[in-house]
Amino acid sequence: MLCASRLVLAAALSLALTAPASAQPKPLLADKAVATIRASAGFKTAMATLDAQHDRIVAETIELTEIPAPPFKEQVRAEAYMAKLKALGLSDVEMDAEGNVMGLRRGAGPAGGPVVVLAAHLDTVFPEGTNVKVRREGTKLFSPGVGDDTHSLAVLLGYIRALDAGKVKTKKDILFVGNVGEEGPGDLRGVRHIFGKGRYKDRIVAFFSMDGTSAERVTYGAVGSRRYRVTFKGPGGHSYGAFGLVNPMAAMGTTVVEMNKVRTPAQPKTTYMTSVVGGGTSVNSIPDAIWLEVDMRSESAEELSKIDQIFLRIVKSAVDQENAARSTRVGRISADVKLIGERPTGATRQDAEIVQITAAAVRAAGYAMPLLGASSTDSNIPISLGIPAVTIGSGGDGGRAHAVDEWIDIAKPESLKGMAVGLSAVLAMAGV
């Protein structure tokens, strides 16, 4: 889920001005590297292939979108995607223990050498049973998950065919990945596995996550998050006969009200959301348990820690207030606080090669300037480990992500313009 928290407009000049003096030539070097890639016969043939096969990419986007992939239930889509990777002739195609599927496009270097990863996530945010039938209106496709992130999966397949058609040989291996667990409660479990237990974990030297459509966006900062489920418990009882006993819903309500009074800094952007509630027995019962889920995010580890501590204090205070306000003769209110998600903060250096190269690829494609910023994506994990990583878009336009009327516009000129960004950036990092 690419949900940008901060976008900073930055052209080549501003990149140079914000980088250390020793790094100031890097934008020019990156521009030259990308220009060399784009001028090559192999790249031109690859782009011509993407042009000729654009309808196929659209068809695969529709096909994959219509295979439901709710959180933790991505296997059917994963198996379909793995079959496509095998059909394209990648080596070592597999589904790992976490459910990620991947295949290696070997480079010219010796086996076991450095790897550049290009990944798109298989899962969508939508629950099981959501209607994912694609509706097409002109160049627009409408369906839950079509842009976040199914179109990216189809673009990766297009890249593989295009590179083969152009007979492009890279120096480093490129690992194409359809990963699980990016959305919601998945907590980046797929990419965590790749970097923690996966067979390539010690070989990855650069990581690209393709998420969403915006090709001019270069996400190099990792917005961290902490997510809790708090279950407020009490004795419960009859709404009339036990009236006056402590009520866990009151403690939960106080938590929500007090949390939403908290002011957070605009910079570094820090947010919170009291988002999901549940529990209770019946309309005529004092509940014995009510639960609340909360999401907190920040670009700053320090600010994330602050809002986290504020929330925990509010929960304790709400419980204490309810135990003081009503009778505890049958039992007291308690709160079971469970951490259900945690994403690390951090950033790839703005003057790092992968950021400079990707920004150069955006400029070379004809966009006015790259949009540099921070977000919460699969790149959080490699960034936290010090591995160069950015998140990019698949091209074209889109909107209403995480809504049932989500859409993308796959008009060919803008779509191909966006695809050129990712392809040239990956090739520049893999070496040609």
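One table, with the values for the structure above:
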{"read-out": "ARG77 vs. criteria outside any strand (DSSP E or B), closer than 26 Å to HIS402 by Cβ and charged (D, E, K, R)", "value": "yes"}
{"read-out": "Residue that is surrounded by the fewest Cβ atoms within 10 Å (Cβ to Cβ), among those in the stretch 399-414 that are closer than 19 Å to LEU371 by Cβ and out of contact with any Leu (no Cβ under 9 Å at 6 or more places or on another chain)", "value": "GLY399"}
{"read-out": "Qualifying residue in the stretch 136-145 (condition: in contact with an Asp or Glu (Cβ under 7 Å, 6 or more places away or on another chain), among the aromatic types (Phe, Trp, Tyr), outside any helix (DSSP H, G or I) and modelled with pLDDT of 95 or more)", "value": "yes"}
{"read-out": "Criterion (of a type in the set (D, E, K, R), open to solvent by 20 Å² or more (accessible area, probe 1.4 Å) and touching a residue at least 12 places away in the same chain (Cβ under 8 Å)) met by exactly one of ARG343, ARG332", "value": "ARG332"}
{"read-out": "Pair list, Cβ under 6 Å, 6 or more apart: the stretch 292-315 residue within 14 Å of VAL337 (Cα to Cα), other residue open to solvent by less than 10 Å² (accessible area, probe 1.4 Å) and part of a helix (DSSP H, G or I)", "value": "ILE314/THR255; ILE314/MET259; VAL315/THR255"}
{"read-out": "Pairs where the first residue, in the stretch 23-38, is open to solvent by less than 60 Å² (accessible area, probe 1.4 Å) and the second is modelled with pLDDT under 85 and not hydroxyl-bearing (Ser, Thr, Tyr), C-beta under 6 Å, 6+ apart", "value": "PRO27/ALA12; PRO27/LEU15; PRO27/ALA16"}
{"read-out": "Verdict on ALA335 being at negative phi, part of a helix (DSSP H, G or I) and either modelled with pLDDT of 95 or more or touching a Phe, Trp or Tyr at 6+ places or on another chain (Cβ under 7 Å) (or both)", "value": "no"}
{"read-out": "Pairs, first closer than 14 Å to HIS151 by Cα in the stretch 391-416, second surrounded by fewer than 16 Cβ atoms within 10 Å (Cβ to Cβ) and aliphatic (A, V, I, L, M), C-beta under 9 Å, six or more apart", "value": "GLY396/ALA411; ASP397/ALA411"}
{"read-out": "Options ILE290, ILE314; residue that is among the β-branched types (Val, Ile, Thr), assigned to a helix (DSSP H, G or I) and either closer than 24 Å to VAL246 by Cα or modelled with pLDDT under 95 (or both)", "value": "ILE314"}
{"read-out": "The stretch 248-264: number of residues that are over 17 Å from SER275 (Cβ atoms) and either open to solvent by less than 10 Å² (accessible area, probe 1.4 Å) or touching a Gly at 6+ places or on another chain (Cβ under 6 Å) (or both)", "value": "2"}
{"read-out": "Residue list for the stretch 119-135, filter: open to solvent by 40 Å² or more (accessible area, probe 1.4 Å) and part of a loop (DSSP other than H, G, I, E, B)", "value": "VAL125, PRO127, GLU128, GLY129, ASN131, LYS133"}
{"read-out": "ILE381 assigned to a helix (DSSP H, G or I), of a type outside the set (D, E, K, R) and within 16 Å of the chain's Cα centre (by Cα)", "value": "yes"}
{"read-out": "Of residues in the stretch 220-247 being part of a loop (DSSP other than H, G, I, E, B) and surrounded by fewer than 19 Cβ atoms within 10 Å (Cβ to Cβ), the one nearest to the chain's Cα centre (by Cα)", "value": "PRO235"}
{"read-out": "Breaking point among (1) crowded, with 24+ Cβ neighbours inside 10 Å; (2) of a type outside the set (Asp, Glu); (3) farther than 28 Å from GLU60 by Cβ, for ILE381", "value": "(3)"}
{"read-out": "Residues of the stretch 384-401 satisfying the condition of being more than 12 Å from the chain's Cα centre (by Cα) and either at pLDDT below 95 or part of a strand (DSSP E or B) (or both)", "value": "ALA389, ASP397, GLY398, GLY399"}
{"read-out": "Output for the stretch 263-308, where each listed residue is of a type in the set (A, V, I, L, M) and within 23 Å of ALA222 (Cα to Cα)", "value": "ALA266, MET273, VAL294, MET296, ALA301, LEU304, ILE307"}
{"read-out": "Output for the stretch 347-370, where each listed residue is under 17 Å from the mean Cα position of the chain (by Cα) and open to solvent by 30 Å² or more (accessible area, probe 1.4 Å)", "value": "ALA347"}
{"read-out": "Residues satisfying the stated conditions in the stretch 195-219, i.e. open to solvent by 10 Å² or more (accessible area, probe 1.4 Å) and either closer than 19 Å to ALA420 by Cα or of a type in the set (A, V, I, L, M) (or both)", "value": "ILE204, VAL205, GLY212, THR213, SER214, GLU216, ARG217"}
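Yes/no matrix, rows are residues, columns are (1) part of a loop (DSSP other than H, G, I, E, B); (2) buried (at least 17 other Cβ atoms within 10 Å of the Cβ); (3) not aromatic (Phe, Trp, Tyr):
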residue: ALA97; (1), (2), (3): yes, no, yes
residue: LEU104; (1), (2), (3): no, yes, yes
residue: ALA108; (1), (2), (3): yes, no, yes
residue: ALA111; (1), (2), (3): yes, no, yes
residue: VAL116; (1), (2), (3): no, yes, yes
residue: VAL155; (1), (2), (3): no, yes, yes
residue: ILE160; (1), (2), (3): no, yes, yes
residue: GLY181; (1), (2), (3): yes, yes, yes
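The values are calculated or read from the model by the stated rules, or taken from the named source; none is laboratory data. Computed from a predicted structure; not experimentally measured. Note that each Cβ is placed from the backbone with ideal geometry, even for glycine, and that neighbours are counted across all protein chains shown. Just so you know, the surface numbers come from the protein's heavy atoms only, side chains and all, with ligands and any DNA or RNA stripped out. Shrake-Rupley method; radii C 1.70, N 1.55, O 1.52, S 1.80 Å.
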